[in-house]
Amino acid sequence: MLRILLADDHPLTRSGLAAWLEAEEGVELVGQAADGESAWTMLLKTQPDLALLDIEMPNGSGIEIAERIMKRKLPTNVLMLTAYSAQQYVMASVRAGAKGFILKSAPFDQLRQAIADTSRGIFYLDPSVSLVSDEAPAEELSEREKEVLILTAQGLPSSETARLLSITKRTVAAHLTSIYAKLGAKNKTEAILLALKRGIVLLDQLRFIDGKGESL
Amino acid sequence: MKKHFLLLLMGTVTLFTAATFLISLHAFRTQESAMDSMMRSYVLDLAENFSNTASFTGGRGQAQRHGTPGMMRFRMLSADPALQSPEAGGLLVISREGRIITASPGAERLLPLWKGTAPEEEPREVLDAKGDSYYVVVRPLQDGNFILAAVSRTYLLAPLAGVWKTWILSAMITSAAVLVGMFLLWYWLAVPLRGIAERLGNVGWGKERSIRLYNGPISELEALSSVIERLATESFEKEELKKRYVTDLVQAQESTRGQLARELHDGALQSTVAAVKRIQLAKQSVPSDANSPLRAHLDTAEEVVQTAAGEIRSYCETLSPSWVRLGLSSALEEIAGRLAQAYEGVETDVDIGVELEAAVAALPEDHVLALARIFQEAASNSVRHGGARFIQVELRKEGDALLFSVEDDGSGFDADAYAGTDFEELRTTGHRGLANINERVRLLRGTMRIMSRPGESCRIDILFPPPSPGETR
């Protein structure tokens with residue numbers, strides 16, 4: 001039985017999701033929260049396997065809760081549930097430690113899949129988050145390219161990436177260009193998301209080096 | 001021509017005055033020489049008249065007695081003005097030894113004018129002991145004596161000379177007064193007026209709060225310049241007001257859009273999403289394989305509501321991007337990603353590098369929004385107009401301020417041509433991009449510098465004060 005906590009400030013959406021979760025087999029809804037603060041309290045109390053968190057909530061966003069879970073090293077996996085489809089929300093969620101990202105309007109089949117994947121630690125990305133070249137065949141990335149991609153994904157500026165790898169900024173840019181070509185990505189974020197989706201880069205490799213990157 | 005009216009006027013007056021002065025001087029000199037020759041011929045006449053009358057033959061002893069033929073002749077000549085008064089002149093008959101033989105009345109005192117040599121055919125001008133000027137001529141008489149004729153210039157011409165002296169003096173004083181007047185006119189009026197005109201020519205109306213046009217003794221100029229100075233100040237204040245108005249407008253627009261987007265998102269969008277969820281729930285209880293009309297209705301309903309949700313989401317995006325709430329770094333990355341996607345068709349993809357100093361990356365939402373809009377505008381300009389393939393955006397501390405810079409490797413443009421231009425003017429001439437950037441810069445209370453030249457890259461630096469502690473997130 002997978003124990004799930006649901007946090008969404010919109011009552012109708014929350015009750016709709018709750019109704020489906022309660023009817024779903026193999027799943028137990030252990031709590032419903034309408035804002036960030038109560039979600040956190042409930043989460044500490046119930047220690048669920050999976051938290052379905054809305055991003056925009058009063059008294060603490062889903063991203064903040066995910067960060068706290070990561071910092072406290074709680075066993076709960078996070079699946080972001082949101083009305084926003086911007087890539088940066090995915091990146092912010094991923095950096096905050098979320099395992100999956102799904103839009104609220106997604107059909108239940110996809111939600112079922114997302115719950116299944118994230119609870120097992122597999123990255124799930126809503127297909128509606130536009131990735132231009134999802135189907136393009138991916139070439140193998142070199143080890144150095146992977147390093148560059150991971151550091152970039154951690155949110156480091158290219159000067160910092162260059163410093164850590166003892167290469168020049170120009171070389172970093174060249175690596176990124178090569179990575180985009182190999183993955184069929186059009187930009188940095190897309191490259192990272194594609195790499196995550198295809199398992200080229202693992203979620204755990206993207207954890208922040210503390211103090212680096214942007215605080216939310 | 002109009003421009004030099006004052007100069008022309010002054011020149012004419014000065015020239016005219018100088019001419020009058022010179023003509024007067026010339027007339028005076030001509031008069032002097034005429035007087036001189038008149039006096040000479042007068043004294044010559046006097047002497048000749050005396051010597052030409054019947055020869056003086058009287059004995060030496062008799063000469064000084066009245067009734068002698070010599071005296072007779074003096075009497076004959078006594079109608080002559082020079083012999084009317086002892087001061088006016090006189091005739092002396094002098095022996096070779098220099099003794100006075102006979103003299104016109106009172107003429108004995110003229111003996112010192114006799115130099116002891118004779119004859120003197122040409123009249124000469126002599127000063128006597130009193131400083132009076134005399135024309136003197138000495139002629140020999142038939143009896144071997146001499147006749148000395150003397151005419152006082154001082155006495156005879158005194159009234160005329162007085163008139164002339166007064167005339168010349170007054171002409172000189174008038175000329176000098178006019179020249180001094182012209183100089184003052186030039187110094188106090190023409191020079192300041194030219195200065196004012198020149199300064200007015202390069203006054204940045206609306207850019208300079210206060211200008212100083214005139215500081216001098218002429219009250220009319222003072223009044224005129226103070227009116228213009230006030231106009232300049234008013235125009236500056238008006239311009240400031242306009243700028244503030246535009247800034248307020250932009251701010252109000254942003255906040256209204258933000259609010260509208262939030263309300264749409266929290267209201268309409270959430271409700272549609274809830275409706276989608278309900279439809280999806282309803283579908284759960286209808287077998288999917290069944291070819292029932294209910295299932296078809298539900299599918300259509302879900303599709304319609306999903307479309308509505310998508311539309312609302314994109315309205316929200318257009319109104320005010322929600323991702324500015326994720327912070328500057330994410331916002332810039334999002335824009336970078338979108339731009340790169342938008343220019344996907346371009347031969348080489350646009351690569352956008354984002355470098356933020358971690359310490360300064362946490363900015364309040366309105367700052368993030370302003371910087372995001374600046375970046376959006378600048379980056380799309382770089383790609384569209386400069387054909388840039390690489391764009392670097394940076395935020396770092398620069399002293400007490402923050403420096404936000406966007407640099408590209410595009411073809412650049414002549415930034416100097418825009419130096420000092422009013423960005424509102426740019427808006428009216430179609431350069432809306434720079435005007436839009438400038439408005440956001442003003443929202444940040446910052447300053448902008450564009451460094452670019454044709455054929456070289458373009459760099460926009462924006463220096464703005466860090467948000468006050470109350471503003472930070």
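The values are calculated or read from the model by the stated rules, or taken from the named source; none is laboratory data. Not measured: the values here are computed from a predicted model. Every residue, glycine as well, gets a Cβ built from its backbone with ideal geometry; the counts of neighbours run over all protein chains shown.
Structural remarks
- Filtered residues of segment B:398-419 (kept if touching a residue at least 60 places away in the same chain (Cβ under 8 Å) and out of contact with any Gly (no Cβ under 9 Å at 6 or more places or on another chain)): B:GLU398, B:ASP400, B:LEU403
- Applying the condition of being more than 9 Å from every other protein chain (Cβ to nearest Cβ) and buried (at least 21 other Cβ atoms within 10 Å of the Cβ) to segment A:146-171 and asking which residue is farthest from A:ALA86 (Cα to Cα) yields A:THR161.
- Options B:ARG313, B:ARG295, B:ARG325; residue that is more than 28 Å from B:GLU254 (Cα to Cα) and surrounded by 15 or more Cβ atoms within 10 Å (Cβ to Cβ): B:ARG295
Every residue, every condition in (1) part of a helix (DSSP H, G or I); (2) more than 30 Å from B:PRO86 (Cβ to Cβ), yes or no:
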position: B:LEU157; (1), (2): yes, no
position: B:LYS165; (1), (2): yes, no
position: B:ILE173; (1), (2): yes, yes
position: B:LEU179; (1), (2): yes, yes
position: B:MET182; (1), (2): yes, yes
position: B:LEU185; (1), (2): yes, yes
position: B:GLY195; (1), (2): yes, yes
position: B:GLY206; (1), (2): no, yes
position: B:ILE211; (1), (2): no, yes
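- Among the candidates B:VAL250, B:VAL227, B:VAL304, residue that is within 14 Å of chain A (Cβ to nearest Cβ) and either without any contact (Cβ under 8 Å) to a residue 24 or more places away in the chain or assigned to a helix (DSSP H, G or I) (or both): B:VAL304
- Against the test of being within 13 Å of chain B (Cβ to nearest Cβ) and surrounded by fewer than 20 Cβ atoms within 10 Å (Cβ to Cβ), the options A:SER61, A:SER85 yield a single qualifying residue, A:SER85.
- Counting the residues of segment A:172-190 that are crowded, with 22+ Cβ neighbours inside 10 Å, within 11 Å of another protein chain (Cβ to nearest Cβ) and modelled with pLDDT of 85 or more gives 2.
- Selection from segment B:224-242 of residues that are surrounded by 14 or more Cβ atoms within 10 Å (Cβ to Cβ) and within 10 Å of B:LEU213 (Cβ to Cβ): B:LEU224, B:SER225, B:ILE228, B:GLU229, B:ALA232
- All positions within segment B:243-268 that are farther than 24 Å from A:GLU56 by Cα, of a type in the set (Val, Ile, Thr) and either within 38 Å of the chain's Cα centre (by Cα) or loosely packed, with under 13 Cβ neighbours inside 10 Å (or both): B:VAL246, B:THR247
- Residue count, segment B:314-328 (criterion: assigned to a helix (DSSP H, G or I) and more than 9 Å from chain A (Cβ to nearest Cβ)): 5
- Scanning segment B:352-393 for residues that are out of contact with any helix residue (DSSP H, G or I) (no Cβ under 8 Å at 6 or more places or on another chain) and surrounded by 22 or more Cβ atoms within 10 Å (Cβ to Cβ) turns up just one, B:SER382.
- Considering only residues in segment B:388-420 that are charged (D, E, K, R) and under 15 Å from B:GLU456 (Cα atoms), the one that is modelled with the highest pLDDT turns out to be B:GLU407.
- A:SER38 among the polar types (S, T, N, Q) and assigned to a helix (DSSP H, G or I): yes
- For segment A:43-58, taking the residues that are buried (at least 19 other Cβ atoms within 10 Å of the Cβ) and aliphatic (A, V, I, L, M), the one that is farthest from A:ASP126 (Cα to Cα) is identified as A:LEU43.
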